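The values are calculated or read from the model by the stated rules, or taken from the named source; none is laboratory data. The shown structure was predicted, so the numbers you read here are calculated from the model rather than taken from an experiment. Every residue, glycine among them, receives a Cβ derived from its backbone with ideal geometry; neighbour counts consider all protein chains shown. Please note that ligands, DNA and RNA were not included when accessible areas were found on the heavy atoms of the full protein model with its side chains. Shrake-Rupley method; radii C 1.70, N 1.55, O 1.52, S 1.80 Å.
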Amino acid sequence: MAAGFKMVEPLEYYRKFLKENCRPDGRELGEFRTTTLNIGSITTADGSALVKLGNTTVVCGIKVEFATPTVDASNKGYIVPNVDLPPLCSSRFRPGPPSEQAQAASQFIYDVIENSQIIQKEDLCIEKGKLAWVVYCDMVCLDYDGNLLDACIIALLAALKNVQLPAVSISEETGLAEVNMNQKNQLNIRKHPVATSFAIFDDTIFIVDPTAEEETLASGMATIVIDEEDRLCAVHKPGGSGLSSEKLQDCIVRAQTRHREVHKLLTEVMKSVTPTINVK
């Protein structure tokens, strides 16, 4: 009976649960799914992390290369994020060029990197005007069940913290780069932003960490990004129901709590896998 009602009137089915301050999967409105994190599992990458947020699974691989700085930013390197939503992660995605959602996610990640200053591009400069690092951050969704952005930010941050760069200098005699693979340095991660996404129902009910089904039924979405100093780094509101200042403040408070949860997880995992190395 319940299954038939859910199929015919899925939104009404959800509303019956929301009125009782719970969800069909048993979670409370402000409760996240179980979050797991694995770091350094891709040996061919310079840094990597795999995040599972419920069923949603995202892997982030980092590759670094040499590049020549631009004339107007001669003391800066590059950070290039990309989010891929292949057909294997969900039947909603098709082969071919990046979907609109994938492009929007890539732009969101880029904006978070810029606004939060996870890494300052000056730290990626090796020799002013001559040589810099370009950091490619590729996030691939392996299983899509909602809340892609939260999973991507965790995977990105963990993968960046997993990167070990060799020491590089410019030879005065030849002008070529000399790489010392025996001396490795971590990236200087200056900030640790964490995203918290909300689905909005009937303009008034906010639930965190929505599943793909909840995203489809919701009247709006919102993502809040907070760093370790409780500084607001980004607000992503792609249309739909409005977000009052009072509701925004409630979301920020929940996002601050979520940041502490994720930061604790990240710290514990990093301690278990990271050897003692220098910080660039």
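Where residues in the stretch 39-69 are modelled with pLDDT of 95 or more and open to solvent by 30 Å² or more (accessible area, probe 1.4 Å), which of them is farthest from D138 (Cα to Cα)? It comes out as N55.
Figure legend. Inter-residue proximity from the stretch 225-241: first residues over 15 Å from F206 (Cβ atoms) and touching a residue at least 60 places away in the same chain (Cβ under 8 Å), second residues β-branched (V, I, T) and open to solvent by 60 Å² or more (accessible area, probe 1.4 Å), beta-carbon distance below 9 Å, spacing 6+ or different chains. Indicated pairs: V225/V235.
Return yes when K76 is surrounded by 16 or more Cβ atoms within 10 Å (Cβ to Cβ), of a type in the set (K, R) and touching a helix residue (DSSP H, G or I) at 6+ places or on another chain (Cβ under 8 Å) and no when it is not. For K76, the condition - surrounded by 16 or more Cβ atoms within 10 Å (Cβ to Cβ), of a type in the set (K, R) and touching a helix residue (DSSP H, G or I) at 6+ places or on another chain (Cβ under 8 Å) - is met.
Hey, can you tell me all the residues within the stretch 127-167 that are more than 20 Å from H259 (Cα to Cα) and not in a strand (DSSP E or B)? Before you say what the answer is, go through the steps one by one.
Taking the stretch 127-167 as the starting set, the residues that turn out to be more than 20 Å from H259 (Cα to Cα) are 127-145, 163-167.
Hits for the stretch 127-167 are K128, G129, K130, Y144, D145, V163.
Here the strands (runs of 3 or more DSSP E) wholly within the stretch 13-104 that include at least 2 residues being of a type in the set (D, E, K, R) are 56-67. Looking across S74, S91, one residue alone is over 22 Å from P210 (Cα atoms) and modelled with pLDDT under 95. It is S74.
Picking from residues in the stretch 93-130 that are among the basic types (K, R) and out of contact with any helix residue (DSSP H, G or I) (no Cβ under 8 Å at 6 or more places or on another chain), the one that is most open to solvent (accessible area, probe 1.4 Å) is K128. Check the stretch 32-45 and report whether any residue there is touching an Asp or Glu at 6+ places or on another chain (Cβ under 6 Å), farther than 30 Å from L176 by Cα and not hydroxyl-bearing (S, T, Y). Within the stretch 32-45, one or more residues are touching an Asp or Glu at 6+ places or on another chain (Cβ under 6 Å), farther than 30 Å from L176 by Cα and not hydroxyl-bearing (S, T, Y). Of the strands (runs of 3 or more DSSP E) entirely within the stretch 168-228, those holding at least 3 residues that are open to solvent by 10 Å² or more (accessible area, probe 1.4 Å) and of a type outside the set (D, E, K, R) occupy 177-186. When the stretch 151-166 is filtered for residues that are in contact with a strand residue (DSSP E or B) (Cβ under 6 Å, 6 or more places away or on another chain) and either farther than 25 Å from M181 by Cβ or of a type outside the set (G, A, S) (or both), the ones remaining, listed by number, are A151, C152, I153, I154, A155, L156, N162, V163, Q164, L165, P166.
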